[in-house]
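First up is the structure itself, then whatever we jot down about it.
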Amino acid sequence: MTASSPPTGPIVPVCDEDAQPFYDATRDGELRIQRCVDTGRWIFPPRPLSPFGRHEPPEWTAVSGRGTIWSFVVPHPPLLPYFAESAPFNVIIVALEEDPNIRLTGNLLAREGGSLGEVDPATIEIGQTVRVVFDRLDEEWTLPRWVRV
């Protein structure tokens with residue numbers, strides 16, 4: 001691929017050492033979010049030190065994987081070639097049950113193991129309850145996606 005050509009495969013997250021434990025957990029089928037050891041407040045996106053309390057390193061804690069759709073968008077062509085075949089598809093923002101101020105981006109799937117574009121965008125509503133499922137892209141990357149409860 002040259003600098004001017006668009007990607008032809010899935011776009012994977014940019015991962016640094018702060019976010020690596022998040023993606024390690026998703027690969028193991030678990031949703032983990034950082035939590036301040038001093039105050040118990042949830043922290044996302046990941047960071048090396050808690051912005052609360054004594055500013056110590058946060059701990060990674062498993063969460064329920066349940067939440068509600070806080071917002072969504074439906075991209076339409078023109079898109080990057082890899083995504084054009086699935087369009088229109090949804091991108092949702094999920095407010096986690098443990099703390100609605102913690103919001104994760106993903107896609108709403110019709111079923112676990114489903115693909116982008118299977119959900120009719122007209123059926124998506126803000127406030128719908130969802131749960132996390134894990135979509136393994138390859139040996140390195142597993143992304144959180146969502147299905148309705």
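In this structure, Glu30 and Ile93 have a Cβ-Cβ separation that, at R0 = 25 Å, corresponds to a calculated FRET efficiency of about 0.75.
Restriction of the trypsin sites (Lys or Arg not before Pro) in region 71-149 to DSSP coil positions whose beta-carbon has at most 12 other beta-carbons within 10 angstrom yields Arg111. Loop-resident trypsin sites (Lys or Arg not before Pro) (DSSP state other than H, G, I, E or B) in region 38-90 with no more than 10 further Cβ atoms inside 10 Å of their Cβ: Arg54.
Computed from point charges on the beta carbon alone (+1 for Lys and Arg, -1 for Asp and Glu), the dipole magnitude for region 64-149 about its Cα centre is near 220 Debye. Among the GluC sites (Glu not before Pro) within region 113-149, those in coil by DSSP and having at most 10 neighbouring Cβ atoms inside 10 Å are Glu125, Glu139, Glu140. Seen through its C-alpha gyration tensor, with square-root eigenvalues sorted a ≥ b ≥ c, region 64-149 comes out oblate because a/c lies at 1.5 or above while a/b is not bigger than b/c. Length gained on full extension, Ser115 to Ser64, computed as 0.36 nm times the residue gap minus the Cα-Cα distance: 16.1 nm. Potential lengthening of the chain between Thr39 and Glu139 amounts to 32.4 nm, from the contour at 0.36 nm per residue minus the alpha-carbon distance.
Stokes-Einstein diffusion of the chain at 10 °C, 1.306 mPa s viscosity, Kirkwood radius from Cα pairs, rounded to a whole number: 96 µm²/s.
Summary value for the chain: 21 percent relative contact order, contacts being C-alpha pairs under 8 angstrom separated by 6+ residues.
Using the alpha carbons alone, the radius of gyration of region 14-62 stands to its Kirkwood radius in an Rg to Rh ratio of 0.97.
Applying 1/(1 + (r/R0)^6) with r as the Cβ-Cβ distance of Val74 and Thr129 and R0 = 25 angstrom yields a FRET efficiency of 0.80.
Every number in this text was worked out from the coordinates using simple rules, so none of it is lab data. Predicted model only: the values in this text are computed from it and were never measured. Here Cβ is always computed from backbone atoms with ideal geometry, including for glycine, and neighbour counts include all displayed protein chains.
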